[in-house]
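For reference, the structure is listed below as structure tokens.
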Ligand SMILES: O=C[C@H](O)[C@H](O)[C@H](O)COP(=O)(O)O
């Protein structure tokens, strides 16, 4: 029986195998945030001579990439990102996700939106029939915390301020529990439309294109019904 850490290592390796054929001297790849993405970064470092560099979804990932000798570009300098590799906190069979457990959701959504392909790397504990057991992170402008909390209560959720945490963008995170998310894209649009919300951690309007799912039986490849 593989541990969750071993499952993460296997999916990080599978992501490397997925990315290696895409690497070329002019290629900049998108890098996510979190423990699974970290394992991918560590494996990628051995191949840094094969590609130009990376764009990153957090200061933490940028620091890790830089320490390993992978050049990190400002996204504004880059026209094309062929692939974005990142983990998730929950994913469903339609490759809709909840992300932001590490608070990096906004930059993750930005880099993912630029990338041609989002490849989500998860162990099987993240696959759920319906999103919402993992509290939904929402990045909020500080002065709007109380109002956003009241507004998400109308969707059946209870918002808790993530204590002692400030995002890379100088904002705060509300973690919303108690949601049963039957229509992820609809809820994503509704929450993102609340004044003061920077973005919510639902990735459904544009979910992953591919998921590499690490199971006890091996790494499975799932494709989005959208693609
Ligand atoms: O903000 C963090 C990100 O959305 C992560 O991708 C997510 O929390 C999954 O992280 P991990 O791979 O550590 O479970």
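The values are calculated or read from the model by the stated rules, or taken from the named source; none is laboratory data. These numbers were taken from a predicted model, which means no experiment stands behind them. Cβ sites come from the backbone with ideal geometry, for glycine too, and all protein chains shown count toward neighbours.
Annotations
A quick yes/no check of all residues on (1) in a loop (DSSP other than H, G, I, E, B); (2) outside the structural domain of residue 59 (by TED's automatic domain parsing):
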| residue | (1), (2) |
| --- | --- |
| 107 | no, no |
| 112 | no, no |
| 143 | no, yes |
| 155 | yes, yes |
| 159 | no, yes |
| 170 | yes, yes |
| 176 | no, yes |
| 185 | no, yes |
| 191 | no, yes |
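- Residue 119 more than 20 Å from residue 9 (Cα to Cα) and either more than 11 Å from the ligand (Cβ to nearest atom) or modelled with pLDDT of 95 or more (or both): no
- Checking residue 156 against (1) more than 13 Å from residue 95 (Cα to Cα); (2) under 17 Å from the mean Cα position of the chain (by Cα), the condition it does not meet: (2)
- Of all residues in region 193-227, those that are in a strand (DSSP E or B), free of Cβ contacts under 8 Å to residues at least 60 places away in the same chain and within 21 Å of residue 176 (Cβ to Cβ) total 1.
- When residue 48 is tested against the conditions (1) at negative phi; (2) touching a residue at least 24 places away in the same chain (Cβ under 8 Å); (3) over 17 Å from the mean Cα position of the chain (by Cα), the lone failure is (2).
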